[in-house]
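Please read the structure below before turning to the comments.
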Amino acid sequence: MPFGGVRDIYRGGNRLSPAQTPERLRVVLAKLGLDGHDRGLKVVARILRDSGMEVIFLGLRQTTSSIVAAVEQEDADAVGLSMHNAGHLTLGPKMVRALDEAGLDVPVVIGGIIPPEDERQLLDAGVAAVLGPGASATEVVESVRSAIVASRG
Amino acid sequence: MGEDATDRSASEDRWRAAYNAGTRRDVPYETMSGVPLEPVYGDAPFPGQFPYTRGIHPGMYRGRLWTMRMFAGFGTAEDTNARFKEILRNGGGGLSTAFDMPTLMGHDSDSEWSEGEVGRAGVAIDTLADMEDLFAGIDLGNVSTSMTINGPANIALAQYVAVAEKGGVDRDRLSGTIQNDILKEYQAQKEYIYPPRPSMRIVTDMMRFTTAEMPRWHPVSISGYHIREAGSTAAQELAFTLANGFAYVEAAVAAGLNIDEFARRLSFFFNSHSDFFEELGKFRAARRIWARWMRDHYQARDERSWQCRFHTQTAGVSLTAQQPEINIARVALQAFAAAAGGTQSLHTDSYDEAHALPTEDAARIALRTQQIVAHETGVAMVADPFGGAPFIEWMTDEMERQAEAVFAHLLDLGGGSILEGVYEGIENGYFVGEIADAAYRFEREVNAQRRIIVGVNAFTEGDNPEKSLLRIDPTVEEIQLKRLGEVKQRRNSDAVAASLAALGMAAESPDTNLMPATIDAVKTYATEGEITRCLSEVFGTYTEAAIV
């Protein structure tokens, strides 16, 4: 992947190229589970791309193990999950554990339909950040960037 | 318009005769201040006349108000059954079922895919036993039911028929709609199971089955709602939805049905978003386009085949998590657009849905909102109340023009067939690409503050998100797993195996209708997952190319 960009992993082609930056952060984006609402995730993919990050877009119907495999293969710096299925309290912590068990110190950022009162529980379970509905492009980019910085301690 | 006075008055006479022949609600047809009102104002063609731009009925809501159909579903079948009864008690006229993600994707609650999602975004239905609980104590001969399910629609319809017949209600008395619009799944909502072509065979089998045996059932609700929610523009919603409608017509005709036997049972489902005038133009254009294409392109002869009937839901995506109470105002305006646009039924969203499924209180306010629109605003007094206004007529023409450009593109892609063009557009990423581009464009405008969303990027003071939300009982998954286990214990496993084998045979033979074998299978309490696996062994499964 010499030029980065949002990569379509099924077809293996580069569709979009980001602006060049000194260190290109690599983010895996996925829908975890059965939920098919992918509008938000696609918009986030383009927002992160426009900010200079490299997006590995897994798309729909991913499992914790398919995401762990992508993080390993792509040497990713963060995982972004989008959840609109009200399954976040089960699946969010499960994702964090799966990365831990694989020995990957990679922050997980979750966006989508997350009630405010669930945010604390997700953060306590090791999720790095939660982005609510209506988060701005700047907030999206900053939360991913600072999650990566924090994980590098 | 070039229409002479004699034609106009002939149209008016015909309209008046039709209007007088219809039934009327017993309410005063006057303004709040007592000014008497005509049933319609302006020029021909009148409501109930081709191309139905002004509505499909001569008297529109003077005959009957739209159906207030509130969508509900969560937790176990028993939980949803209680909500259904609440809706009926509160004056809702029809039931509308939301299923959970595993059910929508053809997975049982005990599948590894289902972890964390059982009963969360809708009700969990694994076997006929759950469907029996869902409609317990409700007379299915006397209620109209909508089921929002697509990939496994044949299974849900089979379960509904089986429940009714166990309760002594014959299938020909059942009234309702099953969404069963598989094409928009590949384009927008993404709840598909099999590849497009075998999925279309299931849809056409269901159309043949309901045409022959369930005359009061709507076998497909062709849905723009999800296309819009996924980010399309109003014109794309209109164009893609009607194109899908044409595709079903072509597929059903190719499967041997006569167009006038089934077309009147097709219905549509649109989104009502916040730009009032654009929405109004969209609704009016939808009727006109459908009428013209059905009569002139597909040569339908029955007037009912020309009439575009539709359900509307206010735009879930427009609801803000910030200052949730202000969503009540958004929903009211969107509901007003749908009513002014001549919808046949309406779901109004609840103000708290940006965070979770609605609480009972919020759902009641949403129902009350459309009751206010119906009974207090005067919109139900006069058909097509905005018709004839230059801006509205222009907007209607503009929506139609944009949609026609899309049809031309699809005809080109499909070598003269909209059906083939839609298949091609699914395969080559046309639909998902167009929708994603529109969604991103909108998001950038919001981010740049070129487009104001109240409470989100302007007027942000006063946010008080600490509201009580609907909490799904965390034990739902456990309860449902236990229930599924018990049903599996109790049933006759030989009968299940035999019914699945017969279903597999039916699937192998393209000329055999799948519905009878599906009904036989659900009656043995075969699970949804078992039936889906049986069919996917023949049909295969579909995975979308991950296109951003």
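The values are calculated or read from the model by the stated rules, or taken from the named source; none is laboratory data. Computed from a prediction, not measured in an experiment: that's the story for all the values here. Please note: Cβ atoms are built from the backbone with ideal geometry, for glycine as well, and neighbour counts cover all protein chains shown. Side chains included, ligands, DNA and RNA excluded: accessible areas come from the protein's heavy atoms. Shrake-Rupley method; radii C 1.70, N 1.55, O 1.52, S 1.80 Å.
For the full complex of protein chains and a 1.4 angstrom probe, list B:543, B:177, B:475, B:145 by accessible area with the highest value first.
Working: B:543 95, B:177 20, B:475 55, B:145 0 Å².
From most accessible down to least: B:543, B:475, B:177, B:145.
Can you give the accessible area per residue of the protein assembly as shown, in Å², using a 1.4 Å probe?
That works out to 38 Å² for each residue.
Applying the Karplus parametrisation 6.51 cos²θ - 1.76 cosθ + 1.60 with θ = phi - 60° to the phi angles of the stretch B:329-343, what ³J(HN,Hα) value in whole Hz is obtained for each residue in order, glycine and proline being reported as x?
Computed from phi, the couplings for the stretch B:329-343 are 5, 4, 4, 4, 5, 5, 5, 5, 4, 5, 5, 5, x, x, 5 Hz.
Sum -39500 (n - 2.57) across every DSSP H segment of at least 4 residues in the protein assembly as shown, then divide by the residue count to get the 222 nm mean residue ellipticity, nearest 500.
Mean residue ellipticity, 222 nm, calculated: -14500 deg cm²/dmol.
Considering only protein heavy atoms and a 1.4 Å probe, what is the carbon-and-sulfur percentage of the accessible area of the stretch B:35-159? Walk me through the numbers on the way to the answer.
Values: 1730 of 3480 Å².
Using a 1.4 Å probe with all protein chains present, the stretch B:35-159 comes out at 50 percent carbon and sulfur.
Could you tell me the calculated FRET efficiency between residue B:301 and residue B:44, based on Cβ-Cβ distance and R0 = 35 angstrom, to the nearest 0.05?
0.95
Taking 7 Å along the Cα-to-C-beta vector as the label spot, tell me the residue B:508-residue B:197 distance in nanometres, rounded to one decimal.
1.9 nm
Using the Cα atoms of the stretch B:403-483, I'd like the radius of gyration and the largest Cα-Cα distance, Dmax, both in angstrom.
Cα radius of gyration and Dmax of the stretch B:403-483 are 22.2, 56 Å respectively.
On C-alpha positions alone, give me the angle between the axis of helix B:77-89 and the longest principal axis of chain B, in degrees, nearest 10.
The helix B:77-89 is inclined about 30 degrees to chain B.
How far is helix B:276-292 tilted off the main Cα axis of chain B, in degrees rounded to 10, range 0 to 90?
It works out to around 80 degrees.
Ordered by packing density, taken as the mean number of other Cβ atoms within 10 Å over each peptide's residues, highest first, how do B:16-26, B:156-166 rank?
Output ranking for B:16-26, B:156-166: B:156-166, B:16-26.
With an 8 Å cut-off on Cα pairs and a minimum separation of 6 or more residues, tell me the relative contact order of the stretch A:44-153 in percent.
Relative contact order comes out at 27 percent.
Please give the residues from the stretch B:443-463 for which the solvent-accessible area of heavy atoms, probe 1.4 Å, is smaller by at least 40 Å² with all protein chains in place than with the chain isolated.
B:443, B:447
Considering protein heavy atoms only and a 1.4 Å probe radius, which residues within the stretch B:107-154 exhibit an accessible-area decrease of no less than 40 Å² in the full assembly relative to the chain by itself?
Residues losing area: B:113, B:115, B:116, B:117, B:120.
Below 8 Å between Cα atoms, with a sequence gap of 6+, how large is the relative contact order for chain B in percent? Intermediate values should be presented prior to the final figure.
Details: 1006 pairs, mean separation 101.1, N = 548.
Value for chain B: 18 percent.
Which FRET efficiency, nearest 0.05, do residue B:543 and residue B:88 yield, Cβ-Cβ r, R0 56 Å?
0.85
Express in nm, to one decimal, how much length is gained between residue B:409 and residue B:460 on full extension, taking 0.36 nm for each residue of separation and deducting their alpha carbon distance.
Separation in residues times 0.36 nm, less the Cα-Cα distance, equals 14.1 nm.
Can you pull the mean other chain C-beta count within 10 Å for peptide B:313-326?
Per-residue shielding by partner chains comes out at 1.
Set Lys and Arg Cβ to +1 and Asp and Glu Cβ to -1, take the dipole of the protein assembly as shown about its Cα centre, and tell me which of B:21, B:518, B:270 lies farthest positive.
Result: B:21, furthest along the dipole toward the positive end.
So which residues of the stretch A:61-110 lose at least 40 Å² of accessible area, probe 1.4 Å, when you go from the chain by itself to every protein chain present?
A:61, A:85, A:86, A:90
Buried accessible area between A and B (1.4 Å probe, both chains summed, ligands and nucleic acids excluded), in Å² to the nearest 100?
Values: alone 7900 and 22630 Å², together 26900 Å².
Result for this pair: about 3600 Å² buried.
For the protein assembly as shown, what's the radius of gyration and Dmax over Cα atoms, in angstrom?
Expressed in Å, the Cα Rg and Dmax of the protein assembly as shown come to 25.2, 84.
Bin all alpha-carbon pair distances of the stretch A:80-143 at 10 Å intervals from 0 and give each bin's fraction as a whole percent.
Using 10 Å bins, I get a P(r) of 22, 56, 21, 1 for the stretch A:80-143.
Taking only the alpha-carbon atoms of the stretch B:352-475, what semi-axes of the equivalent ellipsoid follow from 5 times the gyration tensor eigenvalues under a square root, in whole Å, largest first?
They are 36, 26, 20 Å, listed largest first.
Order of B:27-39, B:124-136, B:194-206 by packing, highest average Cβ count within 10 Å first?
B:124-136, B:194-206, B:27-39
Would you work out if the stretch B:60-447 is rounded, prolate or oblate? Take a ≥ b ≥ c from the square roots of the eigenvalues of the alpha-carbon gyration tensor; rounded if a/c is under 1.5, else prolate when a/b is larger than b/c, oblate otherwise.
rounded
Given R₀ = 35 Å, what would the calculated FRET efficiency be for residue B:498 paired with residue B:212, taking r from the Cβ atoms and rounding to 0.05?
Computed FRET efficiency for residue B:498 and residue B:212: 0.90.
Rounded, prolate or oblate: pick one for the stretch B:236-320, where a ≥ b ≥ c are the square roots of the eigenvalues of its C-alpha gyration tensor, a/c under 1.5 means rounded, and failing that, prolate if a/b is larger than b/c, else oblate.
prolate
Nearest 10 degrees, 0 to 90: what angle lies between the long axis of helix A:39-50 and the longest principal axis of chain A (Cα atoms)?
In chain A, helix A:39-50 runs at an angle near 40 degrees to the longest axis.
Determine the gain in length on full extension of the stretch residue B:13-residue B:424; use 0.36 nm per residue of separation and subtract their C-alpha separation, reporting nm with one decimal.
This chain segment gains 143.3 nm when fully extended.
In whole Hz, with x marking every Gly and Pro, tabulate ³J(HN,Hα) for the stretch B:483-500 from phi via Karplus 6.51 cos²θ - 1.76 cosθ + 1.60, θ = phi - 60°.
4, 4, x, 5, 4, 5, 5, 6, 6, 8, 5, 5, 5, 4, 4, 5, 5, 5
How many nm separate the modelled label positions at residue B:26 and residue B:169, each set 7 Å beyond the Cα in the direction of the Cβ?
2.7 nm
Return the long-range amide H neighbours of residue B:123 (sequence gap of 5 or more, or a different chain), with a cut-off of under 5 Å between placed amide H atoms.
Those qualifying (amide H under 5 Å, at least 5 residues apart or on another chain) are B:74, B:98, B:99, B:100.
Whole-Hz ³J(HN,Hα) for each residue in the stretch B:227-236, computed from phi via Karplus 6.51 cos²θ - 1.76 cosθ + 1.60 with θ = phi - 60°, x for glycine and proline: what do you get?
5, 5, 4, 6, x, 5, 7, 4, 5, 5
What is the stretch B:76-213 by shape, rounded, prolate or oblate, if you read a ≥ b ≥ c off the alpha carbon gyration tensor as root eigenvalues and call it rounded for a/c under 1.5, prolate for a/b larger than b/c, and oblate otherwise?
It comes out oblate by the Cα gyration axes.
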